[in-house]
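K.L.:
One structure is given below, represented as structure tokens, and several questions about it will come after.
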Amino acid sequence: MITKSEDSLINKVTNHRCFLLALTLLLSACSTSLVRDELEPFDRQGNYNYFLSLLQDATLQSVTLDATGFSWPELQGIADTVMLEFQVSETQGRNPAIRVSFESESFVQYFEEGGAGIRYLDLTPLLASDIATGDYVSLSSEGAEWVTEQGTLATFNNDVNLDGKTLVIAPHPDDAEIAAFGLYQDTVADVVTITAGDAGGSNFERVWPDSGEQYRAKGWIRTIDSITVPFFGGLGPEQVRNLGYYDATLRRLWQQRPSTVPTPFAELNDPGYFRKLNFDEELRARRFVSNWPSLVNDLLLELERVEPDTVVAPHPYLDRHGDHQFAAIALFEALNRWDREITVLLYTNHAAGNEAFPLGPRDGMTGLPAWNVDNLYITGVYSHPLSEETQRRKLIAAEAMHDLRPFDPRDGSAIESINPVYDYFRRGPRPNEIFLVTNLLGTRVIRTEFLREMRVPALQIGM
């Protein structure tokens, strides 16, 4: 049930957001320049906007950018994340970037080719240096130019408890590794994957020519991946589980609730086949029903079992994938029933504005995905640093996931290549992992508003 305070928060932002939505639709209808690739719909010369002034955990300070950088201001309080909001004037060449340097610290962030507008530069690595008030931060263009004017430095103290318990929710095998390998390695974590990954491309049809058998085998392979690959991040068998739901069905589970939804492709004699692959005896023995109430209850049982301080999941607005959106909605429903205050870190693996996110080679900072609508209901932004060794292990973990690389049967046949623009070996193992931060109230509002807007198909955010 939505409380009076929650309803007030919803109403406070609704009029503003409706105006922005209407404006977005009007511009889309009037400008042929906004017709873009469906995987990269965001206008490369449009402004990013995360509405920093509305974020309760953001401290904002003006800084003056010149042609080579800016002077570090006096920070107000403790910070774990720093973002610079500034204006990119133009980008040129392939993989345009800005390099940030202070004494021996140096790192790079990439921007869109042919891009311009308001952007965010992740300066969090500077917090680990001895930077002090008045020190000069050098910015050098590697194909991305900026406007020499005032920018906004946003610092966040998200109070993420890295010593506490973390529960990472992955819609599919490999989502936890792509989004949060470094985070779950650095905390006391459990990784719970919702689906077996038994849909998508016919990766293994050369070995299993029958379609139903091939997708059963694909789910079997990916389920085993989901409960073993986290070992590379230091997790043990008791910390990893796969709930065994069917890939590409989570939206339908909600739409057809409380009816059961069958596996779309795999031939299964036992509906709970994938769940029974787990190490965990209780989960193996738990009755499997492919419907929405069962999914929410399974996630509630995970919350009660782990009692996490932090929960990690996709953001249903920022992530375009239906399974990712409704994995989050099911979790938010479970959190509402659990009813405990908690830190929630939200990621995107299929960014709604640009599927190629994060941009550029994997040496670059992850940055924030393209977005400019005030409907995220977040309190802050958290950038989690990864050491070089963790980045190496994250790459190995990604390589161990069968669905992230072409399957080679070693029979001399041609191997399908992966488009490097969307290759997770480029996108995943980076110097940081980025999360949007919210709380129990935020999840309630996100869930309410997302489901409300779902009923109006014309309102396609960011399109």
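The values are calculated or read from the model by the stated rules, or taken from the named source; none is laboratory data. Keep in mind it's a predicted model, so treat the numbers as computed, not measured. So basically every Cβ, Gly included, is an ideal-geometry build from the backbone, and we count neighbours across all protein chains shown.
K.L.:
Has region 176-195 got at least one residue that is assigned to a loop (DSSP other than H, G, I, E, B), under 30 Å from THR91 (Cβ atoms) and of a type outside the set (Asp, Glu)? So that I can check it myself, show each step before the final result.
P.N.:
Residues of region 176-195 that are assigned to a loop (DSSP other than H, G, I, E, B), as a first pass: 186-187.
If we keep only those that are under 30 Å from THR91 (Cβ atoms) as well, we get none.
Scanning region 176-195, I find no residue that is assigned to a loop (DSSP other than H, G, I, E, B), under 30 Å from THR91 (Cβ atoms) and of a type outside the set (Asp, Glu), so the answer is no.
K.L.:
Considering only residues that are surrounded by 12 or more Cβ atoms within 10 Å (Cβ to Cβ) and part of a loop (DSSP other than H, G, I, E, B), which ones fall in region 67-79?
P.N.:
Step one: of region 67-79, the residues surrounded by 12 or more Cβ atoms within 10 Å (Cβ to Cβ) are 68-73, 75, 79.
THR68, TRP72, PRO73, LEU75, ALA79, listed by residue number.
K.L.:
Can you name the condition, by its number, that ARG252 falls short on among (1) farther than 23 Å from GLU205 by Cβ; (2) touching a Gly at 6+ places or on another chain (Cβ under 9 Å); (3) outside any helix (DSSP H, G or I)?
P.N.:
(3)
K.L.:
May I ask you to verify whether ALA356 is more than 16 Å from LEU167 (Cα to Cα), crowded, with 22+ Cβ neighbours inside 10 Å, in contact (Cβ under 8 Å) with a residue 40 or more places away in the chain and assigned by TED's automatic domain parsing to the domain that holds ILE434?
P.N.:
Working: more than 16 Å from LEU167 (Cα to Cα): yes; crowded, with 22+ Cβ neighbours inside 10 Å: no; in contact (Cβ under 8 Å) with a residue 40 or more places away in the chain: yes; assigned by TED's automatic domain parsing to the domain that holds ILE434: yes.
Judged against the criteria, ALA356 is not a match.
K.L.:
Please name all residue pairs, on different chains or six or more residues apart, with Cβ atoms under 8 Å, provided the first residue is in region 215-242 and is more than 17 Å from ARG275 (Cβ to Cβ) and the second residue is part of a loop (DSSP other than H, G, I, E, B).
P.N.:
Once the first residue is more than 17 Å from ARG275 (Cβ to Cβ) and sits in region 215-242, its partners that are part of a loop (DSSP other than H, G, I, E, B) give VAL229/PRO173; VAL229/ASP174; VAL229/MET401.
K.L.:
Residues being in a loop (DSSP other than H, G, I, E, B) and crowded, with 24+ Cβ neighbours inside 10 Å: count how many of those fall in region 230-248.
P.N.:
Residues of region 230-248 that are in a loop (DSSP other than H, G, I, E, B), as a first pass: 234-236, 246-248.
Checking the rest, the ones that are also crowded, with 24+ Cβ neighbours inside 10 Å come to 246-247.
Number of matching residues: 2.
K.L.:
If you don't mind, another one. Given the criteria farther than 28 Å from ARG426 by Cα and not in a loop (DSSP other than H, G, I, E, B), does THR148 qualify?
P.N.:
On the way: farther than 28 Å from ARG426 by Cα: yes; not in a loop (DSSP other than H, G, I, E, B): no.
Against the criterion (farther than 28 Å from ARG426 by Cα and not in a loop (DSSP other than H, G, I, E, B)), THR148 does not qualify.
K.L.:
Of all residues being among the β-branched types (Val, Ile, Thr) and in a loop (DSSP other than H, G, I, E, B) in region 310-359, which is farthest from ALA170 (Cα to Cα)? Just the residue, please.
P.N.:
ILE342
K.L.:
Got a number for residues in region 170-191 being farther than 18 Å from ASP403 by Cβ, crowded, with 19+ Cβ neighbours inside 10 Å and of a type in the set (A, V, I, L, M, F, W, C)? Break it down into steps so the answer makes sense when it comes.
P.N.:
Step one: filter region 170-191 for residues farther than 18 Å from ASP403 by Cβ, giving 182-190.
Subsequent filtering for residues that are crowded, with 19+ Cβ neighbours inside 10 Å retains 182-187, 189-190.
Subset that is of a type in the set (A, V, I, L, M, F, W, C): 183, 189.
Residues in region 170-191 being farther than 18 Å from ASP403 by Cβ, crowded, with 19+ Cβ neighbours inside 10 Å and of a type in the set (A, V, I, L, M, F, W, C): 2 in total.
K.L.:
Ok, one more. Considering only residues that are of a type outside the set (Ser, Thr, Tyr) and farther than 16 Å from PRO73 by Cα, look in region 131-153 and name the one that is surrounded by the fewest Cβ atoms within 10 Å (Cβ to Cβ).
P.N.:
VAL147
K.L.:
Let me ask something else. Restricting attention to region 100-139, which residues are more than 17 Å from GLY367 (Cβ to Cβ), hydroxyl-bearing (Ser, Thr, Tyr) and assigned to a strand (DSSP E or B)?
P.N.:
Across region 100-139, the qualifying residues are SER101, TYR136, SER138.
K.L.:
Right, something else. Quick one: in region 320-350, which of the residues that are touching a helix residue (DSSP H, G or I) at 6+ places or on another chain (Cβ under 6 Å) and under 17 Å from GLY428 (Cβ atoms) is surrounded by the most Cβ atoms within 10 Å (Cβ to Cβ)?
P.N.:
TYR347
K.L.:
Determine which member of the set PRO293, PRO258 is part of a helix (DSSP H, G or I) and surrounded by fewer than 19 Cβ atoms within 10 Å (Cβ to Cβ). Lay out the reasoning, then the answer.
P.N.:
Numbers: PRO258 fails: part of a helix (DSSP H, G or I).
Unique residue meeting the criteria: PRO293.
K.L.:
Could I ask something else about it? Name the residue that is surrounded by the fewest Cβ atoms within 10 Å (Cβ to Cβ), counting only residues in region 206-229 that are among the polar types (S, T, N, Q) and closer than 26 Å to LEU395 by Cα.
P.N.:
Narrowing region 206-229 to residues among the polar types (S, T, N, Q): 211, 214, 223, 226, 228.
Of the ones still in play, those that are also closer than 26 Å to LEU395 by Cα are 223, 226, 228.
Working: THR223: 25, SER226: 31, THR228: 15.
Only one residue tops the list, namely THR228.
K.L.:
Follow-up. Please work out which one of (1) at pLDDT 95 or above; (2) more than 22 Å from the chain's Cα centre (by Cα); (3) on the phi < 0 side of the Ramachandran plot is the condition ARG206 fails and give its number.
P.N.:
The failed condition is (1).
K.L.:
Hey, another quick one. Considering region 296-309 alone, what residues qualify as being crowded, with 21+ Cβ neighbours inside 10 Å and outside any helix (DSSP H, G or I)?
P.N.:
Hit for region 296-309 is PRO308, nothing else.
K.L.:
Which one of these is over 30 Å from GLY93 (Cα atoms) and under 16 Å from the mean Cα position of the chain (by Cα): LEU368, LEU359, LEU335, LEU331?
P.N.:
On the way: LEU368 fails: over 30 Å from GLY93 (Cα atoms); LEU359 fails: over 30 Å from GLY93 (Cα atoms); LEU335 fails: under 16 Å from the mean Cα position of the chain (by Cα).
One residue alone meets the criteria, LEU331.
K.L.:
Right, next: What residue, among those in region 420-452 that are of a type in the set (Val, Ile, Thr) and assigned to a helix (DSSP H, G or I), is farthest from ASP339 (Cα to Cα)? Full working, then the answer.
P.N.:
Start the filter on region 420-452 by keeping residues that are of a type in the set (Val, Ile, Thr), which leaves 421, 434, 437-438, 443, 445-446, 448.
Those left that are additionally assigned to a helix (DSSP H, G or I): 421, 443, 445-446, 448.
On the way: VAL421: 41, THR443: 11, VAL445: 14, ILE446: 16, THR448: 16 Å.
Selected residue: VAL421.
K.L.:
Quick one: how many residues across region 141-187 are under 24 Å from THR343 (Cβ atoms) and polar (S, T, N, Q)?
P.N.:
The total comes to 7.
K.L.:
Run down ARG452, ARG427 and say which single residue is in contact (Cβ under 8 Å) with a residue 40 or more places away in the chain and under 23 Å from ALA313 (Cβ atoms).
P.N.:
Working: ARG452 fails: in contact (Cβ under 8 Å) with a residue 40 or more places away in the chain.
One residue alone meets the criteria, ARG427.
K.L.:
Within region 154-169, track down each residue that is part of a strand (DSSP E or B) and surrounded by 17 or more Cβ atoms within 10 Å (Cβ to Cβ). Show your work before the answer.
P.N.:
Looking only at region 154-169, we keep the residues that are part of a strand (DSSP E or B), and these are 154-156, 165-169.
Residues satisfying the conditions are ALA154, THR155, PHE156, THR166, LEU167, VAL168, ILE169.
K.L.:
To continue, here is another question. Listed residues ARG252, ARG257, ARG241, ARG286; which is under 30 Å from ASN158 (Cβ atoms) and basic (Lys, Arg)?
P.N.:
Numbers: ARG252 fails: under 30 Å from ASN158 (Cβ atoms); ARG257 fails: under 30 Å from ASN158 (Cβ atoms); ARG286 fails: under 30 Å from ASN158 (Cβ atoms).
Of the residues listed, the single one that is under 30 Å from ASN158 (Cβ atoms) and basic (Lys, Arg) is ARG241.
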